[in-house]
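**Student:** Please read through the structure below; I'll follow up with questions.
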Amino acid sequence: MAFQGFDLTGRVALVTGGTSGLGRAIAIGLAQAGAKVVVGSRNPDKIQATVEELLSISDGHSGLNLDVANIASIEAVFCNLRSEQPQLDILVNSAGTTQKKDPLELTLAEWEHVLRVNLTGTFLCCQAAGSWMKEKQSGSIINIASLASYVGLSEVSAYGASKAAVAQLTQSLANDWAQFGIRVNAIAPGVFPTDLNRALLSGTPRGEWFKNHTPMRRFGEASEIAGAAIYLASPAASYTTGEVMVVDGGFLASGVGPHP
Ligand SMILES: NC(=O)c1ccc[n+]([C@@H]2O[C@H](COP(=O)([O-])OP(=O)(O)OC[C@H]3O[C@@H](n4cnc5c(N)ncnc54)[C@H](OP(=O)(O)O)[C@@H]3O)[C@@H](O)[C@H]2O)c1
């Protein structure tokens, strides 16, 4: 008999930022593994396009307008979800933003916006999902960390601070919520060209530097992140919590490469 541990049939998933880049690839992967997926972000056209793609896989997927920087929007989305879904099994917090700027020039508003979306938005969605999952004594939350959770990447100080905090938040919530049957993990992606960073990476010295310092000598493709999310969401990961799973082509493992 085939291994069933990755089967998500009957599970309900919310993917914030699920309409673009890594979140979209994760939403598609979760749907392909059997989950009913709700994607949430701000742009209605991207929501509609993603839901259409999900519905080409299977029935029952939907999209909601969500701004994770706005607590009223988060509350409205969870109120809507609670009225329409019997439970929430999986939350993926993929909504994110960045700001590349010399830290000496970064304004308070820019700093606060990045922290607001990446850290506070993630926390508030974890909190809303966590209270619902606690009632059911079951759930899997997956946050999106970064290489910048671990190392300094030039001129993304607010982003790095937010992503280091997301990694620690993941461990804190895993520690607090294991007693409620809620697992909390994160994925730390390496470099995947998406709308977030394509202009910074395509044909730029920064992009070449990243490739040259990645043992696999290439960027990731968004579809290559889905398997980690399916695993962390699935019964196969029933004893995994507080983990930050790095998917980076070997970047963080690299000291001196084969061509020093
Ligand atoms: N790509 C990489 O190399 C990489 C590496 C490490 C970590 N990450 C992280 O992976 C996550 C996804 O990034 P990505 O690369 O897939 O970027 P992306 O293609 O730009 O996707 C970001 C998603 O977040 C949504 N979003 C942005 N602000 C939002 C808000 N305030 N409320 C709700 N949704 C919001 C966007 O939709 P709308 O703009 O329509 O709302 C979009 O769906 C982020 O947390 C990012 O930091 C990416």
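Please treat every number below as a calculation from the coordinates, not as lab data. Predicted, not measured: the structure shown is a model, and the values here were computed from it. A quick note on method: Cβ atoms are made from the backbone with ideal geometry, for glycine too, and the neighbour counts reach across all protein chains shown.
**Student:** Aspartates and glutamates near K46 by alpha-carbon distance under 17 Å, same-chain residues fewer than 8 away left out - which ones?
**Tutor:** D67, D195
**Student:** What is the local net charge at I187, summed over the other residues whose Cβ is closer than 12 Å to its Cβ (Lys, Arg +1; Asp, Glu -1)?
**Tutor:** Charge balance in the 12 Å sphere: -2.
**Student:** Under a cut-off of 14 Å between alpha-carbon atoms, report the aspartates and glutamates in cross-link reach of K134, not counting same-chain residues fewer than 8 places apart.
**Tutor:** Cross-link targets: D89, D176.
**Student:** Across 5 Å bins from 0, what is the distribution of all Cα-Cα pair distances for the chain, in whole percents?
**Tutor:** With a bin width of 5 Å, the distribution comes to 1, 6, 13, 18, 20, 17, 12, 7, 4, 1, 0, 0.
**Student:** Among all the lysines, which ones have a C-alpha under 28 Å from K211's C-alpha, if same-chain residues fewer than 8 places away are not counted?
**Tutor:** Of all the lysines, those that pass the test against K211 - Cα under 28 Å, at least 8 places apart if same chain - are K100, K101, K163.
**Student:** Tally Lys/Arg at +1 and Asp/Glu at -1 over every other residue whose Cβ is under 10 Å from the Cβ of A237; what's the total?
**Tutor:** Local net charge: 0.
**Student:** Which ordering of M216, M1 is given by a fewest-first count of other beta-carbon atoms within 10 Å?
**Tutor:** M1, M216
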